[in-house]
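Colleague: Handing you this structure, nothing more for now.
The values are calculated or read from the model by the stated rules, or taken from the named source; none is laboratory data. As the structure is a computational prediction, the values presented were derived from the model and not from experiment. Ideal geometry is used to build each Cβ from the backbone, glycine not excepted, and the neighbour counts take in all protein chains shown. Just so you know, the surface numbers come from the protein's heavy atoms only, side chains and all, with ligands and any DNA or RNA stripped out. Shrake-Rupley method; radii C 1.70, N 1.55, O 1.52, S 1.80 Å.
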Amino acid sequence: MDSAILIAIVAQALVASVLAVSLVSKVRGRIAFQRFVATISAFNLFSKRFSKAAAVVAIAVELTIIGLLLAEPGSTRATLGLGAAFTLLAAYSLSLVSVLARGLETSCNCFGSTDHTVSLYDIGRNLAIMGSCVGGIVAGADSSGALQFWPVALATVIGLVGAVMLINGRTFTETLTGALSDDRSMRHRHSHAEAAHG
């Protein structure tokens with residue numbers, strides 16, 4: 001089993017997982033779907049009456065891509081799925097660029113309701129996922145050999161971990177930054193206290 005197959009599996013697992021979380025966040029209830037429609041409306045890319053139709057199309061496309069990505073690495077279906085995911089993410093990214101360029105203060109809500117407004121992080125995350133799509137296509141085209149359970153399982157887990165890190169990257173970063181800031185503040189106060197006692 002060559003490394004190309006494993007890279008393709010990591011890519012497919014990562015992209016499929018990201019899209020699955022995105023999809024579930026949109027369809028887990030009526031309120032979630034309405035929030036997604038409202039997000040599209042807030043982007044001001046379509047008239048409000050077309051926002052619902054755009055939301056339905058986006059959900060259908062995400063579901064279709066996830067189904068394609070369950071195919072064997074290097075297969076036509078898997079390659080088509082990765083290519084479609086790349087195209088979809090490119091469209092999402094252009095929408096986010098448009099929001100930033102017009103100075104709109106609105107949330108992406110890419111993976112559920114959030115108070116975070118659209119930022120360069122969201123675009124960077126999409127570019128990273130698009131890179132995974134390209135890597136998966138290239139690796140899949142060069143893959144050969146029979147699939148073996150444990151290597152496949154390991155590659156799938158790596159892809160899932162990568163998806164979690166990308167989805168929660170901003171939260172991780174903010175938590176780490178906050179912890180470092182608190183640590184610096186404590187050290188600063190401690191040094192002032194020592195100076196006062198000295």
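Colleague: Among (1) open to solvent by 30 Å² or more (accessible area, probe 1.4 Å); (2) farther than 16 Å from ILE167 by Cβ; (3) at pLDDT below 95, where does THR64 come up short?
Modeller: (3)
Colleague: Right, here's the next one. Out of the residues in segment 140-153 that are aliphatic (A, V, I, L, M) and either surrounded by 14 or more Cβ atoms within 10 Å (Cβ to Cβ) or touching a residue at least 60 places away in the same chain (Cβ under 8 Å) (or both), state the one that is nearest to LEU94 (Cα to Cα). Spell out the reasoning first.
Modeller: First, pick out the residues of segment 140-153 that are aliphatic (A, V, I, L, M): 141, 146-147, 152-153.
Subset that is either surrounded by 14 or more Cβ atoms within 10 Å (Cβ to Cβ) or touching a residue at least 60 places away in the same chain (Cβ under 8 Å) (or both): 141, 146-147, 152.
Values: ALA141: 28, ALA146: 39, LEU147: 37, VAL152: 34 Å.
Checked segment 140-153; the qualifying residue nearest to LEU94 (Cα to Cα) is ALA141.
Colleague: Name the single residue that is nearest to the chain's Cα centre (by Cα) among those in segment 45-54 being of a type outside the set (Phe, Trp, Tyr) and at pLDDT 90 or above. It would help to see each step written out before you state the result.
Modeller: Applying the first criterion (of a type outside the set (Phe, Trp, Tyr)) to segment 45-54 yields 45, 47-49, 51-54.
Still in the running and at pLDDT 90 or above: 51-54.
Values: SER51: 22, LYS52: 22, ALA53: 23, ALA54: 19 Å.
Looking at the filtered set, the residue picked out is ALA54.
Colleague: Let me ask another. Tell me, please, whether a residue that is under 30 Å from GLY140 (Cα atoms), in a helix (DSSP H, G or I) and touching an Asp or Glu at 6+ places or on another chain (Cβ under 7 Å) can be found in segment 51-69.
Modeller: First pass over segment 51-69, keeping only residues under 30 Å from GLY140 (Cα atoms): 57-69.
So of that shortlist, the ones also in a helix (DSSP H, G or I) come out as 57-68.
Narrowing the set further to residues that are touching an Asp or Glu at 6+ places or on another chain (Cβ under 7 Å) leaves none.
No, that holds for no residue.
Colleague: Consider ILE137 against the criteria (1) outside any helix (DSSP H, G or I); (2) of a type in the set (Val, Ile, Thr); (3) surrounded by 14 or more Cβ atoms within 10 Å (Cβ to Cβ): it satisfies all of them except one. Which criterion is unmet?
Modeller: (1)
Colleague: I'd like the full set of residues that are over 23 Å from THR117 (Cβ atoms) and open to solvent by 60 Å² or more (accessible area, probe 1.4 Å), limited to segment 4-51.
Modeller: ILE7, VAL27, ARG30, ARG49, PHE50
Colleague: Would a scan of segment 100-113 turn up a residue that is in a helix (DSSP H, G or I) and over 14 Å from the mean Cα position of the chain (by Cα)? I'd like the intermediate steps shown before the answer.
Modeller: Within segment 100-113, the subset in a helix (DSSP H, G or I) is 100-101.
With the extra rule that they be over 14 Å from the mean Cα position of the chain (by Cα), the set shrinks to 100-101.
For segment 100-113, residues in a helix (DSSP H, G or I) and over 14 Å from the mean Cα position of the chain (by Cα): present.
Colleague: A further question follows. Could you please give the count of residues in segment 72-106 that are open to solvent by less than 90 Å² (accessible area, probe 1.4 Å) and touching a residue at least 24 places away in the same chain (Cβ under 8 Å)?
Modeller: 22
Colleague: Regarding ARG77, is this residue part of a helix (DSSP H, G or I), closer than 13 Å to ILE137 by Cβ and of a type in the set (Lys, Arg)? Step through it out loud before you land on a result.
Modeller: On the way: part of a helix (DSSP H, G or I): yes; closer than 13 Å to ILE137 by Cβ: yes; of a type in the set (Lys, Arg): yes.
Yes, satisfied.
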